[in-house]
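Beneath this line is the structure, given in structure tokens, with notes to follow.
What follows draws every value from the coordinates through simple rules; no lab data is involved. Owing to the predicted nature of the structure, the values given are computational and were not obtained by experimental measurement. Ideal geometry is used to build each Cβ from the backbone, glycine not excepted, and the neighbour counts take in all protein chains shown.
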Amino acid sequence: MILCGGLGSRLHEETEFRPKPMLEIGGRPILWHIMKLYSAHGFKEFILCLGYKGHLIKDFFLKFKAYESDFTIQLGDSERIEYHDRANGEDWRVTLVETGQAAQTGARVARAARYVRTGTFLLTYGDGLGDIDLKALLKFHQSHGRICTVTGVRPPGRFGELEMDGKGSAVQFNEKPQVAGGIINGGFFVFQREFLDRYLEERDDLVLEQGPLQRLAREGQMMVYSHGGFWQPMDTYREFKLLNELWGSGKAPWKKW
């Protein structure tokens with residue numbers, strides 16, 4: 001399940017005309033990158049929780065085959081399209097759910113719950129990337145028997161980091177390293193289905209990260225999967241540019257396909 005309904009107000013110059021998950025990294029929506037990451041680990045069934053300008057996400061998937069393929073079109077009264085198969089086609093099952101324009105994250109999950117068909121499901125945000133080992137995350141979740149696992153990450157630094165020797169010579173330079181401080185919520189959750197029945201309700205103002213997750217933690221039903229590798233949200237224009245630069249360099253850490 002991927003949360004795709006927020007306004008993306010801190011990226012207003014980019015999200016005024018399209019939803020945040022449709023902002024492009026290297027010519028493809030960040031949503032596509034997130035789905036490719038899951039798919040590379042064998043997870044190919046998706047539920048997208050739509051809200052702000054969700055029709056543009058629907059349009060992307062309705063036309064996905066045309067975007068991905070070479071095709072020949074016969075124009076005229078009997079219009080026909082012949083698609084030419086390509087090896088990189090996606091075998092995804094995608095359910096797109098209208099969860100409300102004003103709904104908060106918890107309400108969106110609650111309204112999409114009827115489409116969850118398994119006892120365990122994964123959830124993430126539609127605006128963050130990382131080199132998360134999703135199979136290892138799921139294995140960790142299955143090992144402890146709690147209702148929820150959240151991926152804990154170190155927030156990325158804003159500035160480059162220098163390491164010097166005693167004489168002032170630089171011995172190492174790291175561009176925007178992961179901060180060595182506290183752990184924060186990096187998304188990439190795993191839940192048991194009972195979370196949907198016991199902790200959520202379809203109330204517009206229900207914020208996933210407040211009541212439901214706080215209650216799970218209080219009740220000892222949440223475990224943390226520590227991820228020390230790359231993780232980067234896309235909350236600002238600077239971060240949007242950074243992700244594009246990483247992709248353009250050919251060394252995007254999240255590219256596992």
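Summary table
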| quantity | calculated |
| --- | --- |
| Within-11-Å neighbourhood charge of LYS44 [Cβ basis; K, R +1; D, E -1] | -1 |
| Residues PHE61, PHE240, sorted so that the one with the fewest Cβ neighbours within 10 Å comes first | PHE61, PHE240 |
| Computed Rg/Rh of the chain, alpha carbon atoms with Kirkwood Rh | 1.01 |
| Local electrostatic count, GLU98, Cβ distance below 14 Å [Lys/Arg +1, Asp/Glu -1] | +2 |
| Cα pair distances of region 199-245 binned at 10 Å [whole percent] | 20, 27, 33, 19, 1 |
| Hydrodynamic radius (Kirkwood) for region 48-97, which is based on Cα pairs only, to one decimal in Å | 12.8 |
| VAL224, VAL190 arranged by Cβ crowding within 10 Å, fewest neighbours leading | VAL224, VAL190 |
| Partners for LYS135 among lysines (Cα-Cα distance below 18 Å; same-chain residues under 8 apart left out) | LYS36, LYS44, LYS255, LYS256 |
| Cα-Cα separations in region 179-257 greater than 17 Å, expressed as whole percent | 62 |
| Percent breakdown of C-alpha pair distances by 10 Å bin, ordered from the shortest bin, for region 31-142 | 11, 36, 32, 15, 5, 0 |
| Extension gain from VAL94 to GLN142, taking 0.36 nm per residue of separation minus the Cα-Cα distance | 14.8 nm |
